[in-house]
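> Encoded as structure tokens, here's the structure I'll be asking about.
Bear in mind these aren't lab numbers, they're just calculated from the coordinates by the rules spelled out. Because the structure is predicted, anything quoted here is derived from the model rather than measured. All Cβ positions, even for glycine, are placed from backbone atoms using ideal geometry, and neighbour counts span all protein chains on display.
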Amino acid sequence: MLMFPGEKRQRNLNRLLRPRHIAYIGGGQVEGAVTASREAGFDGEIWVVNPVRDEIGGLSCYARIEDLPRAPDAALIAMSAERSIEAVAALAALAAAIVSQSGAFLYGITNVEQGFPLGYAISTGNQAVVDVADCIESVLADERVRAIGIYIEGLDDGAALGRACWHALEKGIPVIALKGGDTAAAETVAISHTSAMVVERDLWRAFCRRYAVVGVSTPKAMVEALKFLTIGGVPRGNRLSAITVSGGLNSLIVAGMPELGIELRQPESANAEVMRALLPDIVPVANPLDLNLPWASKTGMSLQDGEQIADCLEQLTDGVADMACFFLDVPRPDALGSDRAWYPAMEAMAQVAERHDIPCAVAGILPEGLVPDLRKHLIDLGIAPLLGFSDALEALAVAARISAAQSLNADREAPGELLTDLDSAAAADPGELPDYRGL
């Protein structure tokens, strides 16, 4: 079968990201990687290559790469620079294999973040062989992927990246991007780091509008946005129902929403009447809702009445919300069970999500506001656990902008190819150049 270079690279990348077998080549330093693969749930074949040791990590060693049972789908080389070159040559003869280098940003996400449903973490380095577009195309082949985040400095092949982002849009998979700096100082750092030429801000914004990519401002905001979109899905619009246990926090939410492009619709009048009958007199019926309930009560609704809280929140969101978020910090678990008092109210969000088919989140006001076990519990219920007030707000705003971008491009044909040949562009009739002013 005739295969073009780009197709061959994509096929090999698919093997790397979804391997059936992995070869670890080196000494004792590969043992940690073998353990990490097992702990991550990899159930394929694992091979270790070392010419002087009988076993590493409980696995018998092959003396040479050429002795492996077959060409590995992925390989990790942990050797000196000189020996690594020899190993790559041996692998190339055996498999046309791809060797990837990790990045500090991804290391932080995969080794620090907890309660984050991450499927793939890929660092492309200087993109000498595999670029961001290749990676997007590859992960789109996995039906489990529901959102894609990218960190990018340069735009070496804008046409390929644009095609990949458009393919994601066609599948309904949102793409969000964290852009490296676009100043002279940032370019100096980028060149020393990956040799990338940074993209001017206006050009990058035009690219994002053209291909329905939405930007984020920080690595943490990217994590929170991906979490919200992956667990809850893309909202139908920009209307948010917010729940708190703090009047002061409500003021901050109301003040910040217009700038973020988020609308706070008040509950319908009939629904508001139902809420007034459920809530204590001291709780105003409004959006944001200050759910100021007693810990326990024999006469009215309390924080222990999960079903009643769910009914109340359903009335708050019915017909006026595209997404909902409960903002609070939950005490750390202790002998008194101080954290458990908040569980019924948080779990009520799952019923809201199911009955109204909207994405819902519980957001810690501080980054430490939700302990890891609680985050995992919320994910099991289909609720996105967000961390940090500002990053949570940005995640909600990004979700709203993704919704708008998908709606805007729903019936649009794929954009034409970007100009990649500067000589052809210079020779073109100016009257025939595309009009990019509307991007």
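> Sorted by average packing, counted as other Cβ atoms within 10 angstrom per residue and highest first, what order do 217-228, 291-302 take?
217-228, 291-302
> Fewest first, what order do 360, 135, 325 take by the number of other Cβ atoms within 10 Å?
Result, fewest neighbours first: 135, 325, 360.
> With a 10 Å radius around each residue's Cβ, average the other Cβ atoms per peptide and rank 60-69, 303-312, highest first.
303-312, 60-69
> Figure the gain on full extension for residue 373 and residue 141 (residue separation times 0.36 nm, minus the Cα-Cα span) and round it to one decimal in nm.
So the extension gain works out to 80.4 nm.
> May I pose another question? Using a 7 Å offset from the Cα along the Cα-to-Cβ direction at both residue 354 and residue 64, what is the distance between the two label points in nm, to one decimal?
So the label points at residue 354 and residue 64 sit 6.1 nm apart.
> Charges only on Cβ, +1 for Lys and Arg, -1 for Asp and Glu: so what's the dipole of the range 232-408 about the Cα centre, in debye to the nearest 20?
140 debye
> Which of rounded, prolate or oblate describes the range 277-374 when judged by the alpha-carbon gyration tensor and an a/c cut-off of 1.5?
Oblate, since a/c reaches 1.5 and b/c is not below a/b.
> State the extension gain, in nm to one decimal, for the chain segment bounded by residue 251 and residue 236, taking 0.36 nm per residue of separation less the distance between their alpha-carbons.
Using 0.36 nm per residue and subtracting the Cα-Cα distance, I get 2.9 nm.
> To continue, here is another question. Shape of the range 232-408 from its Cα gyration tensor (a ≥ b ≥ c, root eigenvalues): rounded if a/c is under 1.5, otherwise prolate when a/b > b/c, or oblate?
oblate
> Considering amide H positions built from the backbone, and no H for Pro or chain starts, which residues 5 or more places from residue 369, or on another chain, come under 5 Å of its amide H?
Residues meeting the criterion, in which the H sits 1.01 Å from N, are 388.
> Could you compute the net charge surrounding residue 263? Neighbours are other residues with a C-beta less than 11 Å from the C-beta of residue 263; K and R count +1, D and E count -1.
+1
> While we're here: Once you sort the root eigenvalues of the Cα gyration tensor of the range 343-392 as a ≥ b ≥ c, which label holds: rounded (a/c under 1.5), prolate (a/b larger than b/c) or oblate (the other case)?
Note, shape of the range 343-392 comes out prolate.
> Still on this structure: Which loop-located chymotrypsin sites (Phe, Trp or Tyr not before Pro) does the range 14-56 contain, where loop means any DSSP state but H, G, I, E or B and the Cβ has at most 16 other Cβ atoms within 10 Å?
Answer in residue order: 42.
> Quick check: residue separation of residue 414 and residue 45 times 0.36 nm, minus the Cα distance between them. What number comes out in nm?
128.7 nm
> Right, another one. Arrange the peptides 76-86, 13-23, 387-397 so that the one whose residues have, on average, the most other Cβ atoms within 10 Å appears first.
387-397, 13-23, 76-86
> So which lysines pass the test for residue 376, namely a Cα distance under 23 Å, with those fewer than 8 places away in the same chain ruled out?
Those lysines meeting the cut-off are 220, 227.
> Counting other C-beta atoms within 10 Å, which of 254, 139, 362 has the fewest, and how do the rest follow?
Going from sparsest to densest Cβ surroundings: 254, 139, 362.
> Would you mind computing Rg(Cα) / (2.2 N^0.38 Å) for the range 5-95, counting N as its residues?
That works out to 1.06 for the range 5-95.
> Antiparallel as a % of all DSSP beta bridges within the range 5-95, to the nearest 5?
The antiparallel fraction comes to roughly 15 percent.
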